[in-house]
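Comments concern the structure below.
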Amino acid sequence: FIEQYTQDNYRIRLQISKLNYSLFPLEIELTQPTIYGGKQDQQRFFAAKRIHLNLPFSTLWKGRLYANEVLVDGPELYPKNLPHPRLPEDWAQKVQARKLVITGGLLKYSKVNVTDLKINASAQPNRLNISELSAAVDSLQIKTSGVIAKWNAPVYRFHYSVHGALPQLWNGPRVYGTIVTSGDLTGSNDNYIVRGQFSSKSLSILNSQP
């Protein structure tokens, strides 16, 4: 039912291995949910081991999704395979979660493999508050917290800290060494401002021209 409903109403191709629910309290658990995107919605865009939702009963008649808690276990995200949803213009105003927890996440884009993704956050109408986000790119450790607002034209405000060995994410000279950096990122769309500090005890570049 849910798979057909999301396809007919939102043009989202969703597959679920199993759905469990309880009424007291109102909880829904999706096992191995997968959302497809890309050309003709044939490639995986999002997958997870499970998604667990704790919902107030008012969600059933208010025409919006409000969750007391959303737990996402083992998500995988492939941004190059974007879906082509048909969403209401005011959808960002109708989604809210008091607590959002993501554990064991994986994100793949081009040569970037982000692993061990963990997020503690809350979602308000048109706003995502991230109290803690941690992840790894190879041995590079990343931590950040902040806010994303206005989904139709996102505005960002983050504090970050990064330390570890630099991964090779581009074609060209190989960069070796470890870094420690922290600071703040603010901006919107393609206009970003980054302020912070950077230090490294050793950096070397191989196969580069003098």
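The values are calculated or read from the model by the stated rules, or taken from the named source; none is laboratory data. Bear in mind the structure is a predicted one, so any value in this text is a computation, not a measurement. Note that each Cβ is placed from the backbone with ideal geometry, even for glycine, and that neighbours are counted across all protein chains shown. Each accessible area value is taken on the protein alone, full model and side chains, heavy atoms only, with ligands, DNA and RNA left out. Shrake-Rupley method; radii C 1.70, N 1.55, O 1.52, S 1.80 Å.
Remark: the Ala165-Glu69 segment gains 31.0 nm on full extension, using 0.36 nm per residue and subtracting the alpha carbon distance. Ligands, DNA and RNA excluded, the heavy atoms of Arg50 present near 80 Å² of accessible surface to a 1.4 Å solvent probe. The mean accessible area for residues of the chain, using a 1.4 Å probe and ignoring ligands and nucleic acids, is 65 Å² per residue. Placing R0 at 25 angstrom, the Cβ-Cβ distance between Ser122 and Lys80 gives a FRET efficiency of 0.30 after rounding to 0.05. Surface listing: Ser202, Ser22 arranged by accessible area from highest to lowest gives Ser202, Ser22, probe 1.4 Å. Its Cα centre serving as origin, the range 13-133 has a Cβ charge dipole (Lys and Arg +1, Asp and Glu -1) of approximately 300 debye. Expressed as a whole percent, the accessible surface of the range 96-210 that belongs to carbon and sulfur atoms is 54, based on a 1.4 Å probe. For the chain, taking Cα atoms only, Rg and Dmax work out to 19.7, 69 Å respectively. Restricting attention to the chain, close to 90% of DSSP beta bridges with both partner residues there are antiparallel.
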